[in-house]
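Single-structure report; data block below.
The values are calculated or read from the model by the stated rules, or taken from the named source; none is laboratory data. What you see is a predicted model; the values in this text were computed from it and never measured. Just so you know, the surface numbers come from the protein's heavy atoms only, side chains and all, with ligands and any DNA or RNA stripped out. Shrake-Rupley method; radii C 1.70, N 1.55, O 1.52, S 1.80 Å.
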Amino acid sequence: MQKPDFRRDILPLKDKLFRTALRITFNRTEAEDVVQETLLRIWNKRGEWTQLESVEAYCLTVAKNLALDWAEKKDAQMVTLSADMEQTTEAASPYDRLVDKDRLALLRKLMNELPEKQRNVICLRELEAKSYKEIAGILDLTEEQVKVYLFRARQKLKQRFTEIENYGL
């Protein structure tokens, strides 16, 4: 195995670290601060990199823990993601784009209502495309727990989304 290098192995992870921190803090500035602190802590532990099984999992775990600490210190409340974070989709007409935008906003709102563990698991699996094993390592869960949280999150999202789409708020 090749010795981990900061520029080659860790610095490219900054976007993933940011997304992880942003999902927990719901604040861009705080998420940027968490990423900076994460990178500093990882750099200070550079002598231990060769002992790590997965540098990426270690980095994401540090970022997650720092973001959770940051959120607790700030007594952060759950807020919805802002419109400037939303990516637009390429739809055929303005009406289709509006419908897509509303559905995406609804899905984000419903995801924010999920319990923390379910929200973290579904974000890591669906947005970050992590394996069950990687998610288990990052969140300090067993693979079975990851599967259960993911199943429950998907079921709850599907149920609430269908209710709202079919019957309104």
Rounded to a whole %, the carbon-and-sulfur portion of the accessible area of the chain at a 1.4 Å probe is 49 percent
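For every helix of n ≥ 4 consecutive DSSP H residues, a contribution of -39,500 (n - 2.57) applies; sum these over the chain, divide by its total residues, and give [θ] at 222 nm rounded to the nearest 500 deg cm²/dmol. Write out the running numbers ahead of the final one.
Details: 7 runs with 108 residues, N = 169.
When only DSSP H runs of four or more count, the value is -21000 deg cm²/dmol.
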Computed over the chain: longest principal axis from alpha-carbon atoms vs helix 143-167 long axis, angle to nearest 10 degrees, is 20 degrees
The chain accessible area per residue, 1.4 Å probe, protein heavy atoms, integer Å², reads 65 Å²
Once the mean of 1/r over all distinct C-alpha pairs in the chain is inverted, the Kirkwood radius in Å reads 17.4 Å
Comparing E30, E113, E53 in a Gaussian network model of the chain (Cα, 10 Å), the one with the largest mean-square fluctuation is E53
